[in-house]
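Notes for the one structure printed next.
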């Protein structure tokens, strides 16, 4: 409930009880809320002896909801949950507060709690609340990688909420992730018809669904225990055996380090360069592979394997992109992981390391003190400082591993929230602040390179 509704209720109480309680006390309560001084508001409420228990409960719950809204605005989702839980404890039968609590759980990545509370109150929800409940459930199931459960929710509510662009977008993503491109295209058509437009991300996913249908003409799909492999229909069985062998080893090796194994098939598309460009709109030949965050597919521009050197390079690409894939899944696609950790881990887990080249890049950076410090970039151009960035990211992850800090760091990545930043996690894992870690890493390498 927005704060003006609470203030309206307070003004109503002021008029109703002006003969029995101090007007200034309610006025003070309003002022406390306007300046978001919640301790003050609670103190003023306690002083209003003339209000009965129910009236105080309404105000006490609303103060907690306003506190939760303030925490939300500061992206402190954990304390937002605590505040809404207090409001819910005061008024456990209030449907709006229950839905608000489920939303708070969703934002804090407490997915099973969000599902549980919606299921408990579902039979008492009105039409609008049912739509909100379905969106909460669908998003929770998607984060838990149960796309069929999410689709059941969204399909059930579509006829009630044909103007909800969010519902259609979530439904299309679920169809794409479950390899149903025709259904995804149908959803985009209905969204455009009922809401009047498609977002740029919708357009990209629509193009991707169209490309998946087109690829069926010259590509075939093979399935293993953990992967769906899309490769050229004229590809030989030996190439397929090599693909599956590398993928199965990546599943075990990367999964063991990150302690995470996907709940669904991972789809990997081995495309020729022309089809890769058409599918991704990326023309640079420097891109050896791609993990798509929306479809969760791995896209690799690879046509044939003719030499051992090519096989080694392919293994590195697969391990690299599969690491990105697992990091996104295990953190529920959190954007709180720094790019250097994503790329450093992906390189660290590549099975074939050319350390001579990396040291060739790192040595002048260290000796000339020209390395990244607190300014590790979040976007790296393929043509601007990329080699230096990737070399430093890999070396820093290797250093954390050598010190024995990497298992703790990796195990806590799923805990990242707005209120538990990577900086907090890093100190907890290494005992060092980020700048202290970088200087320790640089000093260690400097001693090695000086010899």
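The values are calculated or read from the model by the stated rules, or taken from the named source; none is laboratory data. What you are looking at is a predicted structure, and each value in this text was computed from that prediction instead of being measured. For neighbour counting, all protein chains shown are included, and Cβ atoms are generated from backbone atoms with ideal geometry for every residue, glycine included.
Tabulated results
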| read-out | value |
| --- | --- |
| Residue list for the range 63-76, filter: in contact with a helix residue (DSSP H, G or I) (Cβ under 8 Å, 6 or more places away or on another chain) and modelled with pLDDT under 85 | 63 |
| Filter result for the condition that a residue is under 28 Å from residue 299 (Cβ atoms), in contact (Cβ under 8 Å) with a residue 12 or more places away in the chain, over 24 Å from the mean Cα position of the chain (by Cα) and part of a helix (DSSP H, G or I), over 210, 139 | 210 |
| Every pair of residues 6+ apart whose Cβ atoms lie under 7 Å, when the first sits in the range 236-263 and is on the phi > 0 side of the Ramachandran plot while the second is in a helix (DSSP H, G or I) | 259/411 |
| Qualifying residue in the range 263-275 (condition: under 29 Å from the mean Cα position of the chain (by Cα) and either in a helix (DSSP H, G or I) or more than 25 Å from residue 214 (Cβ to Cβ) (or both)) | yes |
| Matching option when the condition is under 27 Å from residue 328 (Cα atoms), surrounded by 20 or more Cβ atoms within 10 Å (Cβ to Cβ) and touching a helix residue (DSSP H, G or I) at 6+ places or on another chain (Cβ under 7 Å), among 198, 215, 185 | 215 |
| Odd one out for residue 366 among (1) touching a helix residue (DSSP H, G or I) at 6+ places or on another chain (Cβ under 7 Å); (2) farther than 27 Å from residue 450 by Cα | (2) |
| Residue 96, sole failed condition from (1) surrounded by fewer than 16 Cβ atoms within 10 Å (Cβ to Cβ); (2) more than 29 Å from residue 421 (Cα to Cα); (3) without any contact (Cβ under 8 Å) to a residue 60 or more places away in the chain | (3) |
| Exclusive hit being modelled with pLDDT of 65 or more and within 16 Å of residue 96 (Cβ to Cβ), set 51, 59 | 59 |
| Helices (runs of 4 or more DSSP H) wholly inside the range 365-451 containing at least 1 residues that are more than 21 Å from residue 325 (Cα to Cα) and out of contact with any strand residue (DSSP E or B) (no Cβ under 7 Å at 6 or more places or on another chain) | 386-402, 422-430, 434-450 |
